[in-house]
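To start, the structure itself, in structure tokens.
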Amino acid sequence: MPDATLGPSAFIVLGFLNHAGPATAYDLKRWADDSVGFFWTFPRSQLYAEPQRLVTLGLLTETQEESGRRRRLYAVTDAGRAALDGWRRSPAGMPELRDPGLLRMFFTPTRDHAALRELAAGQLQQHQERLDTYHAMLRADPYGWADKPPFTRTLRMGELYEQACLTFWQEVLDDLRPE
């Protein structure tokens, strides 16, 4: 199976199902919202469409409940595990940075101190809230991930990123103070 036909959302689906076992598309969405959704932005609708596509590629199997809500359960095939393993072992490449605050600051005139102060204060609040969310996630640990190094390492990177953003936006705010 060539990786060229598989994008990040495919590997998110394969990764979750490989880790947790058979699940519905709704389960995938819930797991993404509580984990990778904090560092990988993508339309959640892909988590409903992607499993079907992966079934047609032979990377997942699908079973449907015969009664009740007739939910579809997806599971990883050996070919899906091989594709996931190949992807995990390939070079990751450079990260993408898409920061709306930086974009706004780039186009805000340097003399517009009021707009820059408002932007920096808003960014400080948002990044502090996200940092608080990460700390709460580690304490609450609804999926039992806290004792799993990949989860705690990605959460630690999120924490470091938010701390760096707090430092940066505080510097922007400090530089705008009247002398």
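The values are calculated or read from the model by the stated rules, or taken from the named source; none is laboratory data. These numbers were taken from a predicted model, which means no experiment stands behind them. Positions of Cβ are backbone-derived with ideal geometry, glycine not excepted, and every protein chain shown enters the neighbour counts. Please note that ligands, DNA and RNA were not included when accessible areas were found on the heavy atoms of the full protein model with its side chains. Shrake-Rupley method; radii C 1.70, N 1.55, O 1.52, S 1.80 Å.
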Only one of 132, 147 that is farther than 16 Å from residue 39 by Cβ, acidic (Asp, Glu), free of Cβ contacts under 8 Å to residues at least 60 places away in the same chain and in a helix (DSSP H, G or I): 132
Output for segment 35-45, where each listed residue is free of Cβ contacts under 8 Å to residues at least 60 places away in the same chain, open to solvent by 70 Å² or more (accessible area, probe 1.4 Å) and within 13 Å of the chain's Cα centre (by Cα): 40, 41, 43
Taking segment 19-34 and keeping only residues that are under 15 Å from the mean Cα position of the chain (by Cα), outside any loop (DSSP other than H, G, I, E, B) and either within 14 Å of residue 80 (Cβ to Cβ) or touching a residue at least 60 places away in the same chain (Cβ under 8 Å) (or both), one is left with 28, 31
Residues of segment 93-112 satisfying the condition of being open to solvent by less than 60 Å² (accessible area, probe 1.4 Å) and in contact with a Leu (Cβ under 8 Å, 6 or more places away or on another chain): 101, 105, 108
Please state which of the following conditions residue 120 fails to meet, knowing it meets all the rest: (1) surrounded by 15 or more Cβ atoms within 10 Å (Cβ to Cβ); (2) under 30 Å from residue 30 (Cα atoms); (3) of a type in the set (Gly, Ala, Ser). (2)
Residue 90 fails exactly one of the following numbered conditions: (1) in contact (Cβ under 8 Å) with a residue 12 or more places away in the chain; (2) surrounded by 15 or more Cβ atoms within 10 Å (Cβ to Cβ); (3) of a type in the set (Gly, Ala, Ser). What is the number of that condition? (2)
With (1) open to solvent by less than 30 Å² (accessible area, probe 1.4 Å); (2) assigned to a helix (DSSP H, G or I) as the list, and residue 74 as the residue in question, which single condition is left unmet? (2)
Contact list, first residue from segment 64-79 and closer than 24 Å to residue 12 by Cα, second anywhere and open to solvent by 100 Å² or more (accessible area, probe 1.4 Å) and of a type outside the set (Val, Ile, Thr), beta-carbon distance below 9 Å, six or more apart or interchain, is 64/70; 64/72; 65/72; 71/26; 79/1
Quick test for you: out of 115, 82, pick the one residue that is of a type outside the set (Lys, Arg), assigned to a helix (DSSP H, G or I), open to solvent by 60 Å² or more (accessible area, probe 1.4 Å) and at pLDDT 95 or above. 82
Which count do you get for residues in segment 131-179 that are in contact with an Asp or Glu (Cβ under 8 Å, 6 or more places away or on another chain), surrounded by fewer than 16 Cβ atoms within 10 Å (Cβ to Cβ) and at pLDDT 95 or above? 0
Does segment 48-66 contain at least one residue that is within 17 Å of the chain's Cα centre (by Cα), surrounded by 12 or more Cβ atoms within 10 Å (Cβ to Cβ) and under 30 Å from residue 133 (Cβ atoms)? yes
